[in-house]
Amino acid sequence: MTSNAAAVPTPGQGGQPLLLLLLKLRTFIALIAVFAFFAFAAPNFLSTANFVIMSKHVALNAFLAIGMTFVIITGGIDLSVGSIVGLCGMVAGWLILNGVDLGIGYSLYFNLFEIILITLLVGILFGAINGVLITRLNVAPFIATLGTLYIARGLALLSSDGATFPNLSGNPEYGSNGFYLLGAGSFLGIPISIWILIAVGLGAAYIANRTPLGRHIYAVGGNERAAALSGVKVKRVKLFVYMFSGFCAAIVGLVISSQLVAAHPATGETFELNAIAAAVLGGTSMSGGRGRIGGTIVGAFVIGILSDGLVMMGVSSFWQTVIKGLVIIAAVVVDQAQQRLQARVALQQQAALGR
Amino acid sequence: MNAPRHETGLSVRGATKVYPGTLALDAVDFDVHLGAVNVLVGENGAGKSTLMKVIAGVEQLTSGEILVDGTSVTFADTRAAARHGIGIVFQELNLFPNMTVAENIFIAREKTRGRVDIDADTQRKAAAELMQRLEHDISPDALVGELRIGEQQIVEIAKALAQDARILIMDEPTSALSAAEVEILFRVIADLKTRGVGIVYISHRLEELIRIGDYITVLRDGRITGSRGMGGVDVSWIVRNMIGEASKDFAKVEAHDFGREMFRAEDICLPAKSGGLAVDHVSLSLRAGEIVGIYGLMGAGRSEFFECIMAQHPHATGTFHVDGEVLDEPDVAGRIDRGLALIPEDRKAEGLVQIMAIRENMSLSSLKTFTSGFHLSLRRERDCVLSFVRDLAIKIASPENPVSSLSGGNQQKVVIGKALMTQPKVLLMDEPSRGIDVGAKAEVFRTMRRLAAEGLGILFVTSDLEEVMSLSDRIIVMSNGRITGEFDQADASEEAIVAASAVGHAPTSHDEIDKGENRT
C-alpha cells in the first residue's frame, strides 16, 4: 500500500507526500516493528496460545482507550475509568453472589443477561455523573473525573469491606451460571472478549466517521464556541462521550471479573493511564479535535505487545516501565512532526492554486 | 522619484522571501520615510504581511538586505528589530485575555524594580496615560478578555506606542474600529508624525489610505506594482495597481422587489452586567430580498442583538418572528432549523473549527441534510460542499485540507457557505468584510446582493460607513443599545448616519467607553 501512494506525488513537491504517508501510518509501522522484533527475540512469541493471551490483555486496555479517545477528542479527560472497572466488577460479583436484598427476608437474584445489563448501566450512570458535573456544574473534566475516581474506588471497597468476591460461577437456578464464558469462552477460535472488542471498535469507528454525532464530537474539541454557534448541542455531545467511556469501563469490569471468576475491589488501578497512553500513541491530540478509533486500537496493541513481549524476553518490569514511557514520548514527538509537515503540504497545495 | 522631504529611516533592497512552494516576495524595494505615513496596500496574499514580518524580525529574508540609517542589518528576532526602534501592531491580536490591560501593554518589557519585582503602579500609570492619549477610558486593570475586539485593538495600539518606536508598523489597525475611533487613531498618528516617527500603515480601506498617507506602495503577488508620493493618487489608481486591469467595483445594485416580512424583532432587551441595557428595546423588521445594514459604534449593542437572535443570552426579553411565526426555540440548533443563520464577527474564534477540513466546516450546521436515521452520507455531503465551493468561487486545493490553510477571504466564504448550506431565510452577518482584501470583499458583497435577489433577508452589522451606504437597502443606526436612526438608501446621508450613531455620547465619548467597558 505504501508503494501505491508513492507513485502519486506531484512533481515539485519531492518526497513529502511519501514521508507524510509514512508518518500517518507510524503507529501501524511501530506495531509491525514491535511485532517483528519480538518474533525474533522472544521464544514462543509466534505461537497461537501466546496470541490468544496477548489479545486478551490488549482488549482490556483497548476498550478503555476507545472510550477515552472520544473524551479526549472533545478536549476532556476521563480519569475515573479504572475505578469504574473495579466498581463494575464488584457490582457484577455482588449480584451473582448476593442478589439484591429486598429487606423483607427475600433476596432478588438476576439471570446472567440482567446482571450484565445492570452492570453496564452502573458504568453508564457513572459516566453520566461525570458528564453532568462537567456540562451543568462547570467542573473541569480533570477534577470531576478525579473525584469520581475516588468515589467509585471507595464504593467498590465498601461493597465488600475490601474483600474479594470469590468463585463467581453463578447459580443455574437463577440462570446466572456461565459468567466465566465472557472471559474464557471463544467462538471460531477467537476469544469472546475479542469479538466484543471488534463490535465496540467498529461501532465507535462508525460513530466517529459516519454519524453527525461523531462529527460533532470532533467539532466540539476543535472549537467549542464555533461548534455551539453552528448549532451543535455541545453539552449533549460531552454527556455522550463520558457515558460512552463509562460504558466501555463497565465492559472491562465484566470481562476481568469473568476471566478471574472473582471480583476484587482494587481491580483497574492505573488502567486510566494505560488507556490515555494508547489513545495518545494512536495519534489522539490532548488538546482536542484530533484522533482516530483505529489509531487508538493499534496504539493499544503496540503497548500490549511491547509489555507482553518484554515479559517473555525476561526484561525486568522496571525497565518495561521506562521503555513504555519512552515510546509514548517518541509517539508524541513524531506526531508533532507530522502535524507540521501536513500543514506545510496543505499550504503548498493552496499556494499552487495561486493563493 | 519621491522628493526627499522626509528622511529615509529604513530601506529594504531586493527583498526576496521564498516559502516552500511560494515566492512571497520578489525583489522588493521599500523605503520607510520618517515623520510620514508610508502606506502599503495590496490584496491578501500579495506579500504585505510577509514584508512587515521581515522588517519586524519575525521572518528572515531569503535574499536581499535591510538598511537602517544606511547600514545593513539583520534581525534575528523581534527583539533585535525592537532594539532598532521598530514596533509593530499585528493584524491578528496578540494579547493575553487572562491578563490586565496594563500587563498586556508591558508584556516582556515589564517595568521592574531591580529587574525582579514588577512595578505595577508605574505600569498602571503609564497605561492610563496611553489610554488618555488614545482618548479611551479603558481601565488599566480591566481584563483584556472582557474587552470588545475594537477595544482590544486599542490596547494593541497602546502596546506598540509604549515602545517609543521610531518606526511603527500598523497592520490593519482600523479593521475593528468605528468611524469615531478611527478619527482618534488618525489624531494619534498625526501626533506621532510630528515627533518624527515613521509609520507603515496597512489597510484595506482605500479612502482611509488616501486621507492619511504620505507615500504609497502597492504590492501584487510579491512584486511592487506602484510606489510614489500620495499626491494625485486616487482610489482607481490604487485598485488598478492592486488587481491589475480587471477592476472590480463592488455593490452593483440589482433592482428587485422585496417580498413579505421574513423576520421581526419586537422590543428586545438584554440587561448589561453592570446594570442598564446592552440591547435597549430594539424592534425591527426585515423583508425577503432586503438588505438591512446596522451601523453603529463599537459597543452599540449590535453584536449582542445578533447574539440574542441566536439564543446566546437566556436573559434577553422580547419576541422574534420568523416568516410570521413566533421564534420560541431555546437553542441555536432550533433557530437554525427555523431558517436563521449567523456569520459571526470573529471568524477564527467563532466561525470556524480551524483544525477541521474545509468540507467538515462547511457542513457542520447542516449535517442533518445528509443524514438518514443516524447514517451520514459522505458522498452526498461532499457533492453538496463542492457545489457551494463552486457557487461561492472559493479557491481551494482540496476540500479535505484544513480550513486554516486558506486566506482570510476564502475562510470567510467558507463561513458563508456553512450558513447557506442550512438553507436560511434570514442571514445575519456580523462585520462580513472584516480582515479580507478588496477582491474578496467585492465577491462577498456581490454574493450578498445575489442572495438578496434570490429572496433571502440579510441583516448585517458594519462599522464601515462606505460599506453600509453602498450595500444596504435600508440603514439602521444603533447607539448605546438603542436604535437611533433609520434611513432608506435613497435619503441616507453620511452626516445623518454619523450623527445618529453618536446619540447619547458626550463629545469626549466617555459614555461610549464606559458602556463598552461594562459589557460582557
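The values are calculated or read from the model by the stated rules, or taken from the named source; none is laboratory data. All of these numbers come straight from a predicted model, not from anything done at the bench. A quick note on method: Cβ atoms are made from the backbone with ideal geometry, for glycine too, and the neighbour counts reach across all protein chains shown.
Observations
- The lone exception for residue A:242 - which of (1) farther than 30 Å from residue B:403 by Cβ; (2) at pLDDT 90 or above it fails: (1)
- Qualifying residues in segment B:350-378 (those that are out of contact with any Phe, Trp or Tyr (no Cβ under 9 Å at 6 or more places or on another chain) and among the charged types (D, E, K, R)) - the one farthest from residue B:449 (Cα to Cα): B:368
- Only one of the numbered conditions (1) away from chain B (no Cβ under 14 Å); (2) farther than 30 Å from residue A:50 by Cβ is not met by residue A:282, and that is (2).
- Qualifying residue in segment B:367-374 (condition: buried (at least 23 other Cβ atoms within 10 Å of the Cβ) and either acidic (Asp, Glu) or touching a residue at least 40 places away in the same chain (Cβ under 8 Å) (or both)): no
- When each of A:205, A:152, A:163 is tested for being away from chain B (no Cβ under 14 Å) and within 24 Å of the chain's Cα centre (by Cα), the lone residue that passes is A:152.
- Residue within segment B:191-204 that is modelled with pLDDT of 80 or more and within 25 Å of residue B:476 (Cβ to Cβ) present: no
- Within segment A:208-226, being touching a residue at least 40 places away in the same chain (Cβ under 8 Å), more than 7 Å from chain B (Cβ to nearest Cβ) and crowded, with 21+ Cβ neighbours inside 10 Å holds for A:208, A:217, A:220, A:221.
- With a requirement of 3 or more residues that are β-branched (Val, Ile, Thr) and more than 10 Å from every other protein chain (Cβ to nearest Cβ), none of the helices (runs of 4 or more DSSP H) lying completely within segment B:358-452 satisfies it.
- Residues of segment B:316-356 that turn out to be buried (at least 19 other Cβ atoms within 10 Å of the Cβ), in a strand (DSSP E or B) and more than 7 Å from chain A (Cβ to nearest Cβ), as a count: 5
- All positions within segment B:394-423 that are under 25 Å from the mean Cα position of the chain (by Cα) and surrounded by fewer than 15 Cβ atoms within 10 Å (Cβ to Cβ): none
- Residues in segment B:237-259 that are over 23 Å from residue B:472 (Cβ atoms) and at pLDDT 80 or above: B:237, B:238, B:241.
- Conditions (1) among the charged types (D, E, K, R); (2) buried (at least 16 other Cβ atoms within 10 Å of the Cβ); (3) assigned to a strand (DSSP E or B); number of the one not met by residue B:65: (2)
- Residue match in segment B:415-432 (condition: modelled with pLDDT under 90 and either in the same structural domain as residue B:304 (by TED's automatic domain parsing) or more than 30 Å from residue B:264 (Cα to Cα) (or both)): yes
- Positions within segment B:296-322 being under 23 Å from residue B:495 (Cβ atoms) and at pLDDT 85 or above, in sequence order: B:301, B:302
- Matching option when the condition is in a loop (DSSP other than H, G, I, E, B) and either touching a Leu at 6+ places or on another chain (Cβ under 9 Å) or in the same structural domain as residue A:243 (by TED's automatic domain parsing) (or both), among A:142, A:179, A:113: A:179
- Taken as a whole, the condition of being assigned to a helix (DSSP H, G or I) and assigned by TED's automatic domain parsing to the domain that holds residue A:217 does not apply to residue A:31.
- Residue check for residue B:391: free of Cβ contacts under 8 Å to residues at least 60 places away in the same chain and surrounded by fewer than 22 Cβ atoms within 10 Å (Cβ to Cβ): yes
- If the condition is being at pLDDT 85 or above and surrounded by fewer than 22 Cβ atoms within 10 Å (Cβ to Cβ), then segment B:147-159 contributes no residue at all.
- Meets criteria (over 15 Å from residue B:421 (Cβ atoms) and under 28 Å from the mean Cα position of the chain (by Cα)) for residue B:338: no
- The residues on offer are A:245, A:258, and the sole one that is under 21 Å from residue A:129 (Cβ atoms), in a helix (DSSP H, G or I) and away from chain B (no Cβ under 14 Å) is A:245.
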